[in-house]
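Accompanying notes for the structure given below.
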Amino acid sequence: MNRQNQILVGILIIQLAIVAFVFWPGRNVTAAAAALYTDITQDNIQAMTISDQERSVKISRGTDGWVLPEADDFPVTAVQVSDVISQVLTIDTRRLVASNTTSHARLGVTEEDFSRRVDLETKDGQTITLYVGSAPSARSTNVRRGDSDNVYLTSNVTANDLRIDVGSWINTAYLAVPETDIQAITIENAQGTLQFTRPTTDTWTLADLATGEVFNENNLISLLTRLSGFNMIKPLGKTDKPEYGMATPAATLTMQTQPAGGAAKTITLVIGLQNPETQNHVIKSSDAEYYVEVAGFGVENFISRSRTDYLVVPEAAATTPITGTNFITGFAGITTTTPLTATDALTGAEGVTTTAPLTATEVVTPAQ
């Protein structure tokens, strides 16, 4: 074999090595597209549970759409659920990353360590599991079927698409009473009972104002504005529970409402005790079926404000200015505890002492 043939053979060997390296099992291989989950359609899915290491949210198919079964079938956004299920079911197997269990921990798709776990329950009782792991780039995420060792890259779904906070799946608006509809409101809390009425369209007043007291209307308006768009963190269900604290509420609001041209209505809002772990409160409106959890800061002013918080603070009385006659002089340091006596001789060039007093025994006449 001549020198030229040797070189060609060497080049061929190198090329074969490169091909073997690239397409060796476990490398990022691009193959023919195939569905990760075959023979499963969205219509076959009865429920979906999304979990991270600490929390989970379960959504199931109800009579009239998708609901939260653990919150007495509170409705969720159907379009969003359908989109997520579609994203999972359309993951394909084109980009194989690994095919052995030793790579699972590094890729974040083990049964104990994952970014998200998705469990889809079918109508015939099957459960299919997807582990969503690390994201090597903004457009790709490692995923693994729960019953397979193969790990694939996909751009269909990311951990951010799979939310585990309930609020991201529902309409969080709970109570919406336009401020202009409220004609009177009574607030009961540990500080007492406050009654506010609306004598005119543009003004409010506080009942039982004493002589000289002035109502601070701005503080009430800020509370009424909050009632016009009161949002929840999550629904809890339709049944009262002792831990909600409704038997001894932190505050109770009773509103008399009447929209323009509409019928008068009374709405009661009960605010339960604070959860020491979350700092949230459970509330229940007489105008809604569900008990819900809300952020503590959203109800704090209903709970803590007293009558004085709705009064204008009187201006401090003007003080009398200090004039020049009120200045402190050096004589202020002299006290009577050390009186001057006749025995204390005066010193100086004059030589006059208290033992030689001046007398009037000699008349002094002016010089001529």
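Our summary gives the stretch 173-310 a relative contact order of 29 percent, counting only alpha carbon pairs under 8 angstrom and 6 or more residues apart.
In which sequence would Arg55, Arg145 go, from the one with the fewest C-beta neighbours within 10 Å to the one with the most?
The fewest-first ordering by Cβ neighbours comes to Arg55, Arg145.
Between the amide H of Asp287 and those of Thr268, distances stay under 5 Å, these residues lying 5 or more places away or on another chain, with hydrogens modeled in the peptide plane. Amide H contacts under 5 Å for Asn156: none, restricted to partners 5 or more places along the chain or on a different chain, H placed in the peptide plane at 1.01 Å from N. Residue-wise HN-Hα couplings along the stretch 146-160, as the Karplus relation 6.51 cos²θ - 1.76 cosθ + 1.60 with θ = phi - 60° gives them from phi, are x, 9, 9, 8, 6, 10, 10, 8, 9, 10, 6, 9, 10, 4, 5 Hz; Gly and Pro carry x. Look at the Cα gyration tensor of the stretch 270-315: its axes a ≥ b ≥ c give a/c of at least 1.5 with a/b at or below b/c, and that counts as oblate.
Backbone geometry of the stretch 102-112 corresponds, through the Karplus equation with coefficients 6.51, -1.76 and 1.60 at θ = phi - 60°, to 3J(HN,Hα) couplings of 5, 8, 5, 5, 5, 8, x, 10, 7, 5, 9 Hz, x marking Gly and Pro.
What net charge do the residues around Ile91 carry, taking every other residue with its C-beta under 11 Å from that of Ile91, with Lys and Arg at +1 and Asp and Glu at -1? It would help to have the intermediate numbers written out before the result.
On the way: positive: Arg94, Arg95, Arg144, Arg145; negative: Asp92.
Surrounding charge for Ile91 is +3.
Could you list His104, His281 in order of exposure, starting from the residue whose Cβ has the fewest other Cβ atoms within 10 Å?
On the way: His104 21, His281 26.
Fewest-to-most ranking of His104, His281: His104, His281.
Among residues other than Asp165 with Cβ under 11 Å from its Cβ, the summed charge is +2 (Lys and Arg +1, Asp and Glu -1). Considering the stretch 173-310, its Cα convex hull presents a mean projected area of 8.6 nm².
Direction-averaged projected area, Cα convex hull, the stretch 17-168: 9.7 nm², rounded to one decimal.
Partner lysines whose Cα lies under 24 Å from the Cα of Lys241, excluding those fewer than 8 positions away in the same chain, are identified as Lys58, Lys284.
Couplings 3J(HN,Hα) for the stretch 116-125, derived from phi with the Karplus relation 6.51 cos²θ - 1.76 cosθ + 1.60 (θ = phi - 60°), are 9, 10, 10, 10, 9, 9, 8, 5, 8, x Hz, where x marks Gly and Pro. In terms of surrounding Cβ atoms within a 10 Å radius of their Cβ, Lys241, Lys58 rank from fewest to most as Lys241, Lys58.
Residues whose amide H lies under 5 Å from that of Val292, counting only those 5 or more places away or on a different chain, are Leu236, Ile283; hydrogens are built 1.01 Å from N in the peptide plane.
Provide the net charge surrounding Thr252, with neighbours chosen by a C-beta distance below 12 Å and charges set as Lys +1, Arg +1, Asp -1, Glu -1.
Details: positive: Lys284; negative: Glu188.
Net charge in that neighbourhood comes out at 0.
Read-outs: derived from the displayed coordinates by stated rules, not from any lab. Values in this document were obtained by computation on a predicted structure and should not be read as measured data. Positions of Cβ are generated from backbone atoms using ideal geometry, with glycine treated the same way; all protein chains shown enter the neighbour counts.
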